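Presented below is the structure to which this report refers.
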Amino acid sequence: MLEAPSTHRVTVIVVTYNGEQLIRRSLQCLKEQTLQPFEVIVVDNASTDHSVSIVRSEFPTVTVIEHPYNSGFSGGNLIGLKAAKGEYIALLNSDAFPEPTWLCQLREGMTSDPRIGICASKLLVDGSNLIDSAGDSCTTAFKGYKRGEMELQEKYDQRQFVFGACAGAALYRRAMIDEIGFFDEDFFLIHEDTDLNFRAQMAGWKCLFIPEARVRHRVRSTIGQDSPLAIYYTNRNADLVWLKNTPLPLMVRYFHHKLISDLGSLVYFGFRKRHLRTFFRAKWDVFKSLPALLKKRKQIRNLKHISNKQLAAMLTPIWSKGYLAARVQKLRKG
């Protein structure tokens with residue numbers, strides 16, 4: 001059963017956009033969860049397919065919110081959060097399919113320590129034996145990336161604290177959200193979770209990776225792996241994260257890392273993928289948003305409870321062997 005009484009502790013939010021080929025499987029996986037009952041909210045971003053009718057007819061206990069326009073992943077989840085009653089907020093992509101114990105494992109991990117604000121799932125590439133994400137990390141160029149991406153699923157089998165979670169399948173503590181805020185609607189999609197992970201760490205919250213919470217993920221099935229949309233938001237939002245969150249001393253200390261990373265992105269997206277115009281449009285839009293970003297920086301600075309030294313210790317150097325090997329492997333596959 002998917003229905004939940006007013007005393008439920010968990011709300012699952014699923015944002016969908018023209019996902020009729022996926023939403024049925026995703027909600028069926030939720031129906032089979034061992035943790036019951038819980039609340040399920042589907043936010044539809046103005047789909048033009050049969051997504052809404054499928055949910056209403058086949059999953060009548062699910063709350064459906066039809067939004068009049070596409071507000072993206074960030075905006076859709078913000079809409080869902082306003083309606084959510086849970087003490088814990090789980091997010092699940094419409095192209096993500098959790099195993100039956102997924103939600104139970106996440107909640108058990110969350111309740112083990114009151115300073116855990118985020119629990120990260122182990123996402124596996126659907127139809128393969130490869131990892132999509134074993135939690136998220138952040139480099140000294142202040143770019144978020146997926147731990148264990150494209151490695152064998154048998155790896156990363158220990159619970160550990162990590163920088164953050166991939167929001168495609170994660171659990172958040174409502175008390176943390178109340179303190180630091182949720183997604184930034186300006187991100188629309190991509191790296192909105194990096195931004196939230198960053199704020200959580202600076203405010204002193206922890207993120208626990210839970211390998212037992214396994215989810216199959218149809219990676220970027222909605223927007224495409226290297227579509228102009230994905231390339232634009234990947235490059236624009238990486239800079240938004242950097243400018244919004246990074247303390248000035250660390251910006252200066254690692255500025256050359258940021259330049260090296262941006263040069264790599266220019267070569268890969270601009271020349272190899274032939275989206276030079278999209279790359280520079282993203283950079284230009286970042287420049288235009290600077291006044292708003294400076295206001296957000298001031299607000300985030302007031303949330304900071306850890307030292308710059310502590311924050312720097314959480315970052316992965318861009319020249320580290322594991323990170324470089326992962327980037328090379330991704331380039332070969334791309």
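The values are calculated or read from the model by the stated rules, or taken from the named source; none is laboratory data. Predicted model, so just to flag it, every value in this text is computed and none were measured. Methodologically, a virtual Cβ is constructed for each residue, glycine included, from the backbone with ideal geometry; neighbour enumeration extends over all protein chains shown.
Based on this model, can you work out whether ASP285 counts as buried (at least 19 other Cβ atoms within 10 Å of the Cβ), without any contact (Cβ under 8 Å) to a residue 60 or more places away in the chain, assigned to a helix (DSSP H, G or I) and not hydroxyl-bearing (Ser, Thr, Tyr)?
So ASP285 does not fit the description; no.
Being at pLDDT below 90 and either among the hydrophobic types (A, V, I, L, M, F, W, C) or under 24 Å from PHE187 (Cα atoms) (or both), is that true of even one residue in the stretch 316-324?
yes
Looking only at the stretch 16-51, how many residues end up being surrounded by fewer than 18 Cβ atoms within 10 Å (Cβ to Cβ), in contact with a strand residue (DSSP E or B) (Cβ under 7 Å, 6 or more places away or on another chain) and more than 23 Å from LEU103 (Cα to Cα)?
Going through the stretch 16-51 one residue at a time, the tally reaches 1.
When you go through ASP157, ASP95 one by one, which is the residue that is in the same structural domain as GLY72 (by TED's automatic domain parsing) and out of contact with any Lys or Arg (no Cβ under 6 Å at 6 or more places or on another chain)?
Values: ASP95 fails: out of contact with any Lys or Arg (no Cβ under 6 Å at 6 or more places or on another chain).
Exactly one of ASP157, ASP95 is in the same structural domain as GLY72 (by TED's automatic domain parsing) and out of contact with any Lys or Arg (no Cβ under 6 Å at 6 or more places or on another chain), namely ASP157.
What are the residue pairs meeting all of these: first residue in the stretch 128-154, first residue over 16 Å from ASN245 (Cα atoms), second residue among the acidic types (Asp, Glu) and outside any strand (DSSP E or B), Cβ atoms under 7 Å, and 6 or more apart or on different chains?
LEU130/GLU151; ILE131/GLU149; ILE131/GLU151; ASP132/GLU149; SER133/GLU149; ASP136/ASP193
Go through (1) assigned to a helix (DSSP H, G or I); (2) in the same structural domain as TYR17 (by TED's automatic domain parsing); (3) of a type outside the set (Asp, Glu) one by one and return the number of the condition TYR268 breaks.
Answer for TYR268: the failing condition is (2).
Of the conditions (1) within 30 Å of SER112 (Cα to Cα); (2) over 17 Å from the mean Cα position of the chain (by Cα); (3) part of a loop (DSSP other than H, G, I, E, B), SER94 fails just one. Which one is it?
Of the numbered conditions (1) within 30 Å of SER112 (Cα to Cα); (2) over 17 Å from the mean Cα position of the chain (by Cα); (3) part of a loop (DSSP other than H, G, I, E, B), the odd one out for SER94 is (2).
Go through ILE300, ILE231, ILE306, ILE318 for me and flag whichever is under 21 Å from VAL162 (Cα atoms), touching a residue at least 24 places away in the same chain (Cβ under 8 Å) and touching a His at 6+ places or on another chain (Cβ under 7 Å).
That would be ILE318, the only listed residue that is under 21 Å from VAL162 (Cα atoms), touching a residue at least 24 places away in the same chain (Cβ under 8 Å) and touching a His at 6+ places or on another chain (Cβ under 7 Å).
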